[in-house]
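Have a look at the structure below, then the notes.
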Amino acid sequence: MSLPIIFGNLSDRTEVSLPYFGILYRPGWLKSKNFYLEFELGYFKLQSNFLTTENPNVIPSPLILEESESHNFPLTLSIGYHLDLNDWFALNPKLGLGYMFTYNKTKLRGDKFTSFLVLKPALEMTFKLGKNSFLFFDGSLLIAQNTKSTLFRDLTYYLIPSIGVRHRFTSSPPDTTPYVKDQYVRGNLWDRLSFG
């Protein structure tokens, strides 16, 4: 879990009320030992306050403070590259594209769904703790573009720093090499799931 830092279009009137939580799956890609795909489904909740007219059909209408609650579900596909720097430290630069579904609840205007196109550059640092355990630091930037807005206008940026522990469950005998380069390629489904 991590607390997104918001800047751009929504930064002055929005705060995070539930931190970012994501589940990801990493299969290998093209039988490469270094390249991999990453599918991620995330969730975070935002709280916003903004001024609006009480009744848009009446002119002039008094301004009132409206509260909005939004539930955000980003779904992304990234291509990553696993780069071993030594036997206990690795870097994983990633670049992804995706779609974010948002459910907005407001008192005056009711409920509605919004969708965003998402670009997601990221960098992950991985430290080996044990034979199958790793500590990771991940910095992801979600760049969200409302699908109903003009392209490259009203962009919102969500910086999502996270820290977590990853454990590789193996169904085969333990590997005796100091660091397995293809840790994201081999093994069963549980080898490739991560929660952060």
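Every number in this text was worked out from the coordinates using simple rules, so none of it is lab data. Quick caveat, the model's predicted, so the values are computed rather than measured. With ideal geometry, Cβ positions are generated from the backbone for all residues, glycine too; neighbour counts draw on all protein chains shown.
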Listed by chain and number, the lysines with an alpha carbon less than 26 angstrom from that of Lys33, same-chain partners under 8 positions apart left out, are Lys94, Lys120, Lys128, Lys131, Lys181
Can you list the residues, at least 5 places off or on another chain, whose amide H is less than 5 Å from the amide H of Tyr20, using H built in the peptide plane?
Ser2, Leu3
On a full-extension model of 0.36 nm per residue, what is the gain between Leu97 and Leu117, subtracting their alpha-carbon distance, rounded to one decimal in nm?
6.4 nm
Could you check the spin-label model distance between Ser32 and Val165? Points 7 Å from the Cα along Cα→Cβ, value in nm.
3.1 nm
So what are the ³J(HN,Hα) numbers for region 100-114, from phi and the Karplus equation (6.51, -1.76, 1.60; θ = phi - 60°), rounded to whole Hz, Gly and Pro as x?
10, 8, 10, 10, 9, 10, 10, 6, 8, 8, x, 9, 7, 10, 10
